Every structure is written in structure tokens, then in C-alpha cells.
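Only one structure is covered here, and it is reproduced in the block below.
The values are calculated or read from the model by the stated rules, or taken from the named source; none is laboratory data. Quick caveat, the model's predicted, so the values are computed rather than measured. A quick note on method: Cβ atoms are made from the backbone with ideal geometry, for glycine too, and the neighbour counts reach across all protein chains shown.
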Amino acid sequence: MGSGYAMKNLTIQNVSKTYFDPYAGANVTAVHDISLKVNQGEFISIVGPSGCGKTTLLNMIAGFLPISGGSITIDDKAIKGPGPDRGVVFQTFALFPWKTVGENVGFGPRMRGLPRKECDQIALEFLSLVGLEHVAQKYPNELSGGMQQRVGVVRALANNPDVLLMDEPFASVDAQTRMTLQEELTKIWQERRPTIIFITHDVAESVFLADRVVVLSKGRVLEDMPIQLQRPRVWENLIEDDTFKALSSQVLNKVRSA
Amino acid sequence: MIILLKVWSLYLRLAAKFPIVQTILPFIPLVIAWALVTEFQVFPRAFLPGPMDVVNAFGTLTYKGVLTQYLEDSVVRLAVGAAVGVAIGIPLGLLIGLSDRVRQAVWPVLLFFQAIGDIAWLPILLVWFGFSLTTMTLIIVYTVLFPIVLNTSLGVRSVSIDLHRAALSLGASKLRVVWEVVLPGALPNIMTGLRNGLGYGWRALIATEIIVGTSGIGFMMFDARRAGSVVEILLGMVVLGTLWYVVDSWVLAPIERATGKRWGLVTQ
Amino acid sequence: MTQRLYSAFKFALPLILLLIFWEFCIQFFQVTARVFPSIEAVFNAGVEAVNDGSIFNHIAASLGRVAVGTLLAVVVSIPLGVAMGLNPIVSDFLSPLFRFFSVLAGIAWIPIATLWFGYGFGAITFVIFNAVFFVVTYNTLLGVASIPMPLRNAAASLGANGWTLLTQVILPGALPNIVTGIRTGLGFAWRGLIAAEMIATNVGLGYMLFLARDFYKTEVIVLGMIIIGLIWLAIDRLILAPVERATIERWGMVRRA
């Protein structure tokens with residue numbers, strides 16, 4: 001189940017981002033030179049210390065920030081501003097508080113012009129992916145943090161985006177919920193195979209989730225590490241797994257050395 | 001002591017069941033005190049008539065249809081002025097909230113004109129439009145405008161940028177973001193602005209009627225002053241206060257609270 | 001320092017542009033003095049008013065009334081508000097009363113005020129007193145009532161007796177609300193002042209405006225409006241707003257605790 005028959009690859013070519021900081025009174029370069037290729041159906045994770053440019057990069061891919069230099073293309077077509085082809089999941093969930101859960105998830109389809117009934121159906125379909133079809137009539141502030149973020153994920157997925165951008169999405173939930181959400185995410189990914197770019201500062205999380213871990217530092221790519229771990233990945237098993245531990249240490253060292 | 005507590009607990013239970021009790025009860029001692037003060041002629045009768053006199057006046061004037069007519073005039077003026085003020089104020093507030101440039105250009109001007117105040121415009125409006133309905137309506141529009149614009153722009157700016165971005169990345173155009181995200185997001189603040197605006201508008205209306213009017217509650221009070229008839233002044237004040245209190249506490253405040261609650265915000 | 005100068009300039013710029021726009025409109029549309037005065041006419045009127053001292057009389061009268069009325073009101077309402085607020089039963093009970101009278105604050109009292117005090121200083125000061133009194137009492141009441149009980153208990157258990165409790169805990173705790181109340185009350189008072197001066201006296205800014213209207217002297221009207229605006233801007237932005245901000249920053253924590 002992909003978004004069409006064509007292979008949609010995301011290519012980030014020599015991208016840089018500079019902006020004027022009024023407080024510093026000078027130009028600040030958040031991203032110096034990043035080149036990255038993400039193939040369809042890949043799950044890559046971008047890690048790095050604060051200020052390494054990972055959020056800026058994500059905002060540029062999402063189209064929220066203009067690119068200063070280089071290019072970002074999907075199948076050689078340059079991206080233009082935000083759009084449903086690049087779905088976003090936010091750390092703050094960003095669910096519309098005055099709309100029900102179902103209306104939130106059906107928002108994307110409605111923006112595409114589909115009739116209300118169809119949007120509701122699509123919403124229920126995607127909500128059932130995370131077992132939340134029974135809360136479709138509830139309002140976001142009636143749900144727990146974990147449930148809200150599940151809604152956030154399927155809201156973005158409901159548009160069949162070419163790539164799903166996730167900006168530290170589980171940072172605002174407690175540790176137990178986080179582990180559950182991580183496992184659920186890998187399950188959904190295995191079923192539907194969206195292309196996912198997952199930003200985090202949590203090294204273990206990045207190794208647990210991804211096929212590839214990209215370490216950023218000071219606006220550049222430091223390392224692009226493939227993760228050869230079997231799927232499905234479950235915390236109970238992996239937490240004692242030697243390969244997992246080795247990979248995590250490797251990534252951690254790289255991040256700390258930056 | 002026990003009796004006092006029993007009475008008090010009875011009061012609390014009644015108040016919980018019928019909130020109106022809690023609102024009305026405090027006024028009872030006040031009215032009683034008022035009646036006593038007038039009974040004992042602490043002030044000359046001509047200066048302070050008693051509650052019964054006011055009630056009688058209320059009855060007479062309502063019967064003659066005068067009070068209802070004045071009330072209708074006042075309320076209609078406020079409604080018209082408020083409607084125009086809202087029609088101008090919300091879009092303006094939206095614009096100011098959405099665009100930093102517009103805000104920087106307009107804000108100082110807004111503040112200055114707000115500082116001049118509504119009543120200070122009366123003389124020049126009288127020069128332009130004379131003692132007419134236009135003058136009164138314009139004053140009300142002016143008064144209502146500022147709370148609405150300021151609160152709307154505040155509400156717009158308080159909508160988190162993630163909500164904007166979420167809508168955009170779900171395929172909404174910029175215009176649809178305003179309609180689907182910004183306006184609903186700003187709604188609690190808009191309601192606050194509306195409530196404040198109506199409050200100020202009500203006061204401005206009274207002032208304008210006193211100075212300019214040919215009808216309306218404010219006019220009634222000032223006319224009564226000229227005729228030396230205190231009863232009607234007091235009646236006017238009671239009517240004014242009660243009407244506003246009722247509308248504000250039982251219509252406007254609950255709406256404001258409901259929108260705030262729905263949006264998951266905590267309003268006191 | 002230059003940052004503040006810069007922001008002051010940014011603030012003034014739109015107003016300066018407005019002035020230029022004003023003059024342009026007068027010239028371009030050949031607006032008669034009867035409809036709207038030119039900047040020059042207003043300036044001349046200002047010079048004249050300064051020279052014959054009338055402007056100082058009016059400003060002094062207006063400010064004087066506001067000052068006296070406000071001072072009286074604050075002196076009465078803060079203790080009253082504190083006393084009422086300390087007892088939650090009393091404050092709950094009396095709240096509706098004060099909300100009712102807050103609405104009537106100021107302007108609605110003009111007719112009865114002129115009846116009781118005649119025209120002039122007394123009536124107007126009463127209106128101002130009235131406008132400030134109800135709002136400040138109500139806000140003080142709210143401020144005191146919202147000081148969390150644990151805080152008061154903590155202070156008491158640390159040995160604070162009545163007076164210390166009052167000055168060290170209650171007053172600072174309620175101060176943000178009190179200051180907000182004073183600011184709101186002053187706003188009502190200033191507007192009530194202008195309205196009252198149009199009706200009930202023969203000196204003051206409101207009177208100056210109303211008299212000029214009678215003679216269609218638009219330049220005096222506009223001069224008066226500008227002065228009124230500047231005075232209130234000065235009072236509110238340069239004094240009240242910073243004080244309010246400072247107290248909330250310093251003491252706002254108390255309520256959140």
C-alpha cells in the first residue's frame with residue numbers, strides 16, 4: 001500500500017539554511033551542508049545534540065522554512081511550501097481542540113474536497129489502525145497524551161503522504177507510553193510502509209525504530225549508519241540484545257563526540 | 001449560633017440548586033437598608049426616595065409605555081452600534097493578528113485613538129452630524145471597536161504556530177487556515193472582546209444619551225434631573241444596572257466560559 | 001539604551017505618518033476649517049491657549065479632580081476590599097453587589113451626582129470616586145480572596161500575627177489585582193471625567209471641548225482631543241502599565257502557588 005506505482009524518493013542535496021538573528025545581530029547558519037537520500041518505504045532516524053540543525057532540516061523538508069541553498073526534491077520535483085505530500089507529526093500534537101478526533105483525522109481528506117461522509121469513513125479507517133475508532137466523537141482534551149499523539153500520527157497518515165515527518169513526537173509523553181507508542185509505530189510502518197523521517201535526541205529510540213540512523217552535528221551529517229536489527233522489534237527483547245546495545249553505543253559515541 | 005449555621009447551610013443548599021438565589025440574596029439587605037434610610041429621613045425625600053417610590057415609578061412608566069419605549073431605544077442603539085463595531089473589528093483584529101507589518105503600522109495609532117476615548121469624540125461628531133442618531137451610533141461603534149480589535153488580535157496571536165503548520169501540511173490553503181484554524185482558535189478571546197466591548201458600549205450609550213439624546217434611559221435620567229424628579233433617576237440606574245447584570249452574567253459570561261472550556265482552556 | 005530609543009521611534013513613526021496624512025488630506029481635499037482644522041490651526045490654537053493660560057486651567061482642573069477622586073477612592077476601597085476579601089463567606093456574598101455597581105460606575109451617576117452636589121467640583125469628583133471605588137474594591141476583594149489558604153496558614157504558623165500577616169502576605173499577594181483594579185478604575189474615571197465635564201461644569205478639558213463645539217471651533221476641539229489622548233497615554237503607558245507589569249512579575253507567583 002504505497003502512494004502510487006512510482007517510486008517516490010526524497011533527495012536532499014547540499015541543503016543549507018542561514019537566517020538573520022535580531023538578538024545576535026548577525027547571521028546564523030543552522031544548517032551548513034546536508035545531503036541525504038531517502039528511498040521509498042525507508043524508516044530513517046535523525047539524531048543529534050541540541051542545535052545540530054535537525055529540527056531546522058525537518059522544517060525545510062516540511063516546507064515551513066525556505067531553503068537558503070541547495071535543493072530538496074521528491075522524484076526530482078522541488079518541494080514548494082507545506083503540503084499533504086509531506087505529512088507532519090508534532091511534538092505538541094497540534095490537534096485542533098475545537099474539532100472532534102474524527103474531524104481532526106478527516107481534516108486532510110476534507111481539504112482535498114472529499115464529501116463529509118467519505119472523510120468520516122476514512123477517519124474511522126485510520127483510527128482503527130491504532131485502536132481508537134471508539135473515541136472518534138471525543139475532543140482532544142478528553143484524551144491522554146499518548147492517545148492524542150496516536151491521533152496525530154494517523155491524521156498525517158490519512159493523506160497517504162509521500163513522506164511522514166516526525167519531530168520528536170514522543171518527547172511529550174511519559175516513558176512507558178513512549179515505549180508503547182514506539183512499538184506501535186513500527187507495527188504500523190511494517191503494515192503500510194510509509195517513508196518516515198523521525199527526529200529525536202534519544203539515541204536508543206532512534207536505533208529501536210529506524211533502518212538507518214543519521215547523526216547530525218553543527219549543521220552537517222556526521223554519520224549515516226544502517227541498523228541491521230530484525231523486525232518486528234519489541235523492547236522486552238531488544239533491551240538486552242547485544243547488537244542493539246552495540247549499535248546504541250556507537251551512535252551515542254558519535255553524537256557525544258560532535 | 002447553631003441556628004445561624006442551620007440558616008447558612010440552608011442558604012448554601014438553595015444556592016447550589018438555584019444559582020439565582022446567590023445572586024439576588026445580597027441585594028436584599030441593601031434594599032432593606034435603603035428603605036430604612038429613607039424611612040428615617042436621613043436625607044431629604046427630594047434627594048433620596050425610597051425603594052417603594054422607585055417601584056411605583058417603574059409601574060407607572062411601564063404602564064404608560066414610556067419605560068419600555070426608552071429601553072427599546074437604548075437597546076436597539078447599542079445593538080446597531082455593536083453590530084457595526086463587530087463587523088469592522090473582527091476583520092481588523094484578524095489582520096492585525098496575522099500580519100506583523102500591519103500590526104507595527106497600526107498599533108500605535110490604535111493605542112492613541114483608544115486613549116482619546118469615545119466621549120471626547122462627541123463634540124466633533126456633533127459638529128459634523130448634529131444631535132442625531134448617527135452621532136450616537138458612531139460613538140458606540142468607536143467604543144465597541146477597541147476591545148474587539150485588541151482581543152481578536154490577541155486571540156489570533158495566541159493560536160500556536162504548530163496548529164497553523166499542521167493545517168498547512170494537511171493540505172489547507174492559507175485562506176482555509178484562517179477560517180478553519182485561526183478564527184476558531186481565537187474565538188474565546190473574541191468572546192471576551194465582545195463582552196468587554198458591550199460593557200463599554202453600554203456605558204458610552206448612557207453618556208451619549210445624557211448629553212445628546214432625545215430618548216433612551218440615559219436621556220430619561222437627565223431629563224428627570226432637570227425636572228428635579230429623583231425617582232426616575234434612581235429608576236434609570238436600577239434598570240441600567242439590572243439589565244446589564246442580567247445580560248452579562250447569564251448570557252455573555254456563560255458563552256465566554258463555554259467557548260473557553262470547549263477549547264480546553266481554563267478560564268476563571 | 002539605543003534599543004529603547006529605537007522602539008520609541010518605531011512607535012512614533014506611524015503617528016508621524018498619520019500627521020503627514022492629515023495635513024495632506026486637508027490640502028488636497030481643500031477641507032474647510034469648519035469641518036476639520038489644519039495642523040497649523042490646531043498648533044496656533046495651542047499656542048493661544050498656552051499664552052492666555054486657559055489650557056493650564058483646564059488641565060489642572062481635570063487632573064485635580066481625577067487625583068482627588070482617585071485618592072479618596074483608593075484610600076477607602078483598599079482597606080474595605082481587604083476586610084471583605086479575608087472572609088470568604090463575606091466576599092462570596094457581596095460579590096454580586098459589587099459586580100452590579102461596577103457597571104454603573106461613573107457616568108450613570110452623573111445625573112444624581114449633580115442633584116446631590118450641584119454643578120462643579122463636588123459632583124465630578126464624586127463621579128470619579130465612584131468609578132474608581134467599586135472597581136478597586138471588587139478587584140482587591142478578588143485579589144485577597146484568591147490568596148491560597150496554605151500560604152496564609154504557612155505565614156501564620158511561622159509566627160506572623162495580624163499586622164505582619166497583613167503587610168507581608170495579604171497586601172503583596174493581592175497587589176497585582178489591586179494594581180489592575182486601579183488601572184481599570186482610572187480608565188473609567190478618565191472617561192467619566194470627560195463626560196461629566198461636558199455636562200456639569202465650566203472648567204476642564206471636557207468643558208473646553210464642549211464649549212468649542214458651540215462655536216464650531218474645530219481647531220480647539222482637535223487640540224483638546226489630542227491633549228486628552230496624550231495625557232491618558234502618558235498616564236497609562238508610562239506609569240500604570242509598567243507598574244502593573246512589575247507587580248505581576250514580582251508577585252504573580254504568589255497566586256500560582
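Okay, residues lined up against (1) modelled with pLDDT under 95; (2) among the acidic types (Asp, Glu); (3) touching a helix residue (DSSP H, G or I) at 6+ places or on another chain (Cβ under 8 Å):
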{"residue": "A:Pro140", "(1), (2), (3)": "yes, no, yes"}
{"residue": "A:Val153", "(1), (2), (3)": "no, no, yes"}
{"residue": "A:Asn160", "(1), (2), (3)": "yes, no, no"}
{"residue": "A:Ser172", "(1), (2), (3)": "yes, no, yes"}
{"residue": "A:Ala175", "(1), (2), (3)": "yes, no, no"}
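When we screen C:Ile124, C:Ile110 for residues that are touching a residue at least 40 places away in the same chain (Cβ under 8 Å), away from every other protein chain (no Cβ under 11 Å) and not aromatic (Phe, Trp, Tyr), the only hit is C:Ile124.
Looking only at residues of the stretch A:133-162 that are within 13 Å of chain B (Cβ to nearest Cβ) and of a type in the set (S, T, N, Q), we find that the one that is farthest from A:Gln121 (Cα to Cα) is A:Asn141. Could you check, for the stretch B:43-61, whether at least one of its residues is surrounded by 11 or more Cβ atoms within 10 Å (Cβ to Cβ), of a type in the set (D, E, K, R) and out of contact with any strand residue (DSSP E or B) (no Cβ under 8 Å at 6 or more places or on another chain)? Yes, the conditions are met somewhere in the stretch B:43-61. So for the stretch C:31-50 (the condition being closer than 21 Å to B:Leu126 by Cβ, out of contact with any Pro (no Cβ under 9 Å at 6 or more places or on another chain) and exposed (fewer than 13 other Cβ atoms within 10 Å of the Cβ)), does at least one residue qualify? Taking every residue of the stretch C:31-50 in turn, at least one turns out to be closer than 21 Å to B:Leu126 by Cβ, out of contact with any Pro (no Cβ under 9 Å at 6 or more places or on another chain) and exposed (fewer than 13 other Cβ atoms within 10 Å of the Cβ). When restricted to residues that are surrounded by fewer than 18 Cβ atoms within 10 Å (Cβ to Cβ) and part of a helix (DSSP H, G or I), the stretch A:121-140 contains 6. Any residue in the stretch B:155-183 that is charged (D, E, K, R) sitting within a Cβ distance under 8 Å of a residue that is in a helix (DSSP H, G or I) and surrounded by 21 or more Cβ atoms within 10 Å (Cβ to Cβ)? List the pairs, counting only those 6 or more apart or interchain. Close Cβ pairs (under 8 Å, with a partner that is in a helix (DSSP H, G or I) and surrounded by 21 or more Cβ atoms within 10 Å (Cβ to Cβ)) amount to B:Arg157/B:Gly97; B:Arg165/A:Ala62; B:Lys174/B:Leu168; B:Arg176/B:Ala167; B:Glu180/A:Phe107; B:Glu180/B:Ala167.
Filter the stretch B:162-187 down to the residues that are among the small types (Gly, Ala, Ser), on the phi < 0 side of the Ramachandran plot and within 7 Å of chain A (Cβ to nearest Cβ) and list them by number. Within the stretch B:162-187, B:Ala166, B:Ser169, B:Ala172 meet the criteria. Restricting the stretch A:49-76 to residues that are within 17 Å of B:Ser169 (Cβ to Cβ) and over 17 Å from the mean Cα position of the chain (by Cα) leaves a set whose member that is surrounded by the most Cβ atoms within 10 Å (Cβ to Cβ) is A:Ile67. Within the stretch C:83-95, not a single residue is surrounded by fewer than 21 Cβ atoms within 10 Å (Cβ to Cβ), within 12 Å of chain B (Cβ to nearest Cβ), in contact with a Lys or Arg (Cβ under 8 Å, 6 or more places away or on another chain) and part of a helix (DSSP H, G or I). Does B:Thr242 satisfy the criteria of being away from chain A (no Cβ under 14 Å), free of Cβ contacts under 8 Å to residues at least 40 places away in the same chain and among the hydroxyl-bearing types (Ser, Thr, Tyr)? For B:Thr242, the condition - away from chain A (no Cβ under 14 Å), free of Cβ contacts under 8 Å to residues at least 40 places away in the same chain and among the hydroxyl-bearing types (Ser, Thr, Tyr) - is met.
Restricting the search to the stretch C:206-221, which residues are within 8 Å of another protein chain (Cβ to nearest Cβ) and either in contact (Cβ under 8 Å) with a residue 12 or more places away in the chain or within 23 Å of C:Gly118 (Cα to Cα) (or both)? Matches in the stretch C:206-221: C:Gly206, C:Leu209, C:Phe210, C:Ala212, C:Tyr216, C:Thr218, C:Ile221. Residues in the stretch A:95-108 that are surrounded by fewer than 24 Cβ atoms within 10 Å (Cβ to Cβ) and of a type outside the set (Asp, Glu): how many? Matching residues across the stretch A:95-108 total 6.
Have a look at C:Ala155, C:Ala195, C:Ala189, C:Ala145 and point out the one that is within 14 Å of another protein chain (Cβ to nearest Cβ), buried (at least 16 other Cβ atoms within 10 Å of the Cβ), more than 23 Å from C:Ala67 (Cβ to Cβ) and of a type in the set (A, V, I, L, M, F, W, C). It is C:Ala145.
Scanning the stretch B:221-239 for residues that are touching a residue at least 40 places away in the same chain (Cβ under 8 Å) and within 23 Å of the chain's Cα centre (by Cα) yields B:Glu232, B:Leu234, B:Leu235, B:Val238, B:Val239. Evaluate the following for B:Phe112: is it over 29 Å from B:Trp263 (Cα atoms), more than 20 Å from the chain's Cα centre (by Cα) and outside any helix (DSSP H, G or I)? Answer is no for this residue.
In this structure, C:Ala200 does not satisfy being of a type in the set (A, V, I, L, M, F, W, C) and at pLDDT 85 or above.
When you scan the stretch B:116-129, do you find a residue that is within 14 Å of chain C (Cβ to nearest Cβ), within 21 Å of C:Leu18 (Cβ to Cβ) and either among the polar types (S, T, N, Q) or assigned to a loop (DSSP other than H, G, I, E, B) (or both), even just one? Yes; the residues of the stretch B:116-129 include at least one that is within 14 Å of chain C (Cβ to nearest Cβ), within 21 Å of C:Leu18 (Cβ to Cβ) and either among the polar types (S, T, N, Q) or assigned to a loop (DSSP other than H, G, I, E, B) (or both).
You will find that of C:Trp22, C:Trp116, the residue that is within 14 Å of chain B (Cβ to nearest Cβ), farther than 30 Å from B:Gly218 by Cα and free of Cβ contacts under 8 Å to residues at least 60 places away in the same chain is C:Trp22 and no other. There is no residue in the stretch B:40-47 that is more than 9 Å from chain C (Cβ to nearest Cβ), assigned to a helix (DSSP H, G or I) and among the β-branched types (Val, Ile, Thr). Do we have any residue at all in the stretch B:194-211 that's surrounded by 21 or more Cβ atoms within 10 Å (Cβ to Cβ), of a type in the set (Val, Ile, Thr) and touching an Asp or Glu at 6+ places or on another chain (Cβ under 7 Å)? No, there is no match, as no residue in the stretch B:194-211 is surrounded by 21 or more Cβ atoms within 10 Å (Cβ to Cβ), of a type in the set (Val, Ile, Thr) and touching an Asp or Glu at 6+ places or on another chain (Cβ under 7 Å). Those helices (runs of 4 or more DSSP H) of the stretch A:6-120 in which 3 or more residues are modelled with pLDDT of 90 or more and over 30 Å from A:Gln250 (Cα atoms) occupy A:101-105, A:107-111.
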